[in-house]
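Structure first, commentary second.
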């Protein structure tokens, strides 16, 4: 049994124990395996900025840390919430690059968790004239976006 199948079954067990009717679907992408939980009960996981979804992501990552290793990324989504949020973060990062260009001053974004910071850093890396750096010493950090000199 693959680790993705194990995680999918684990998630199915957790959401059933929560009394939620959600069905997992698996999507392979270039940088991660996405497990999207689909169903009308998804609102429970995406309330309050997706706190329940983040907790479920953390739980799965912790439970399967050894099997996943450093190279395999699993992203847990619910009704496309995280995918939409990722697109929003990327747009905001690109907007802040243009603000940094026009003002000549670095822009801050955050505080962000590690997953969100990765989305921002990857978006900024696509622009050869921009750079990004995480600052802070806690789980949630701020990303500084600036232009290259």
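With Cα atoms as the point set, the chain shows a radius of gyration and Dmax of 17.1, 54 Å.
Compared with the dominant Cα axis of the chain, that is its longest principal axis, helix 43-63 is turned about 80°.
For a modelled paramagnetic label at residue 65, 7 Å from Cα along Cα-to-Cβ, no residue of region 117-149 is in reach, as no backbone nitrogen comes under 13 Å.
The base-10 log of I(q)/I(0) for region 85-147, evaluated at q = 0.12, 0.13, 0.24 Å⁻¹, reads -0.24, -0.28, -0.94 [Debye formula, identical scatterers on Cα atoms, solvent excluded]. Label zone (residue 14, point 7 Å along Cα-to-C-beta; backbone nitrogen cut-off 20 Å) within region 65-106: 65-86.
Based only on the alpha carbon positions, what is the Kirkwood hydrodynamic radius of region 3-79, in angstrom? Kindly include the intermediate steps, with their values, before the conclusion.
Details: mean 1/r = 0.0801 Å⁻¹.
One decimal place: 12.5 Å for the Kirkwood radius.
We did not get these values from a lab; they are worked out from the coordinates using the rules stated. All values reported here derive from a predicted model rather than from experimental measurement. Here the Cβ is made from the backbone with ideal geometry for all residues, glycine too, and neighbour counts use every protein chain on show.
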